[in-house]
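Every number here is computed from the coordinates shown, using simple stated rules; none is lab data. All values derive from a computational prediction rather than experimental measurement. Don't worry about glycine lacking a Cβ; one is built from the backbone with ideal geometry, like all the others, and counts go over all protein chains shown.
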Amino acid sequence: MSAGDAKRRVFVAAAHELYAQDVRNFFLRRLRNAQDVRELTQEVWTRLLRVQRPEEIIEPFAYIYRAAANVLAEFRMRQRKERVEFDSAAAEYISEHPDSPPANDPASRLAIQHEIQQALAVLPAAYREILLLRICDGVSFADIGKRLGFSAGTTEQYFFRALQRLRALRTED
Amino acid sequence: MKAPERDYGPILHEAVNWIDRFRNGQGDTPALFRWLAESPRHVEEFLVALSLTDTIAQLDPDQRASLQGLVSSLDHSQQSSEVVVPLRPRSFSTFPMTHGIPFNRRAGKFVTGCVALLLLVAAWYFADPARGWEQIATETGDQRAVVLDDGSVVHMNTQSTVRVKFSDRVRDVQLVSGEAMFTVSHDAQRPFRVHVDRSIIRAVGTQFNIRHDGTFTRVSVLEGVVEITRDEHGTSGSEVATLRAGEQVKIAADGSLTRQILTDGSAVGAWRERRLVFHDQTLQDIVAEFNRYTRKPQLRIDSDALGQRRYTGSFNAHDIDALVQLLSLERDVVVERHAQEIVIRLKP
């Protein structure tokens, strides 16, 4: 692989991450207007309906993120007078680490991670543990269950309840 | 009409199962797209689930460790931590801007505030060029809120200098350079006047923002009414304009006025939250704005055509990387990082 190819791949990955981050910010921000979310997902849905040959899509998640990011960008253009929310969490992080916002780590991502951390912190300990083991470490429900003293079925049930709680927090508007 | 109670459960569950299958290398793209096509609700839950799981997956070990700390501290410190410390030296007080910053970070901010205060008081005692005027200045990247004697508040932006002189009859303030937002407390007996260049902006009780950048002055009124008069040889001349809430005026060096309607009031004060908001503005202006906040590295555009391109966006004033990222997405733009500056140019 040439140096140019490598550079291009890094660039594509960075671009993809930026689109994905934009979508994550939109869906995970608190105080998000439910009407906006509905309007936006309706539009993403109609775009996905137009996909003729889904089997040719190599990275489906990247494709969906990208589609949602495009809709989001147009949505903002229409709404020109978008209300600006102050990213206090991001500002805080930056004020504390003035020298080290990592190059491809936009402040928005830190803000969202900060909010998710807060949301995780108020979950029951077992729920939180299951979420982290499953999502971050990729441990199976059976193995998590063994570790925590639950059956695999109970562990899975707790896992979904935990996600539902986080999801409900996200729409508190 | 009340929206029906939403039950995310089953669809969220399915969405997570789809994500799981792909993560385990057992994804079936056409089947996923068929499922998504069934309903916009599927799309919504899928996007939410993807956003949630990806964000959690991105937490690094440090963040997971700090999560443990957060959990144990939650038990003790649910109480509110809004502490504003109005320190009062002889004639004005100053405090660092604290927008909902949690308790444990206050201490550092407080110390910074005290140091700033000491410097300020020192500057006021030793470097007062105009007699009778108290001078307050901010450095590059610095912002400060100052409470004046009468309770009015001046939020000063980066690289700004303000001088204050109050008497029994009038409250005089000079905006020597930079930008400041004034929230004026009502006092019908003592008009509040801001002198900028050769204009006087007079208010009774109101909120307005003034930006002076050498070539012109822009006054934006958020609340109440202000009058702008020409300052001829130290005496105030006749009234030249009255501005109401939602109006903005641009004053050129020769004193000519251009009236504008304020399209987005929140953008005017956004700088107080260290947010830079641009609506369809040239890259040249955007870069100049970023450079007001950061001493090093400075941004430089190496092409006039590029400088004229227009962008819309909202940035953290200190996050130059966000702007650089945005520009890196342009196919024909290269961004070069050097120690002293970041050069933005068109690809050859």
In what sequence, highest mean first, do A:41-50, B:317-326 appear when ranked by Cβ atoms within 10 angstrom?
B:317-326, A:41-50
Could you check the simple spin-label distance between B:Asn24 and B:Glu336, using points 7 Å along Cα→Cβ, in nm with one decimal?
5.1
Please compute, for peptide B:308-315, the average count of beta-carbon atoms on other protein chains lying within 10 Å of each residue's beta-carbon.
2
For the range B:302-333, which trypsin sites (Lys or Arg not before Pro) pass both filters: DSSP loop (anything but H, G, I, E, B) and at most 10 other C-beta atoms within 10 Å?
B:Arg331
Neighbour-count order for A:Asp137, A:Asp143, fewest beta carbons within 10 angstrom listed first
A:Asp137, A:Asp143
Quick one: order B:Arg202, B:Arg34 by neighbouring beta-carbon count within 10 Å, fewest to most.
B:Arg34, B:Arg202
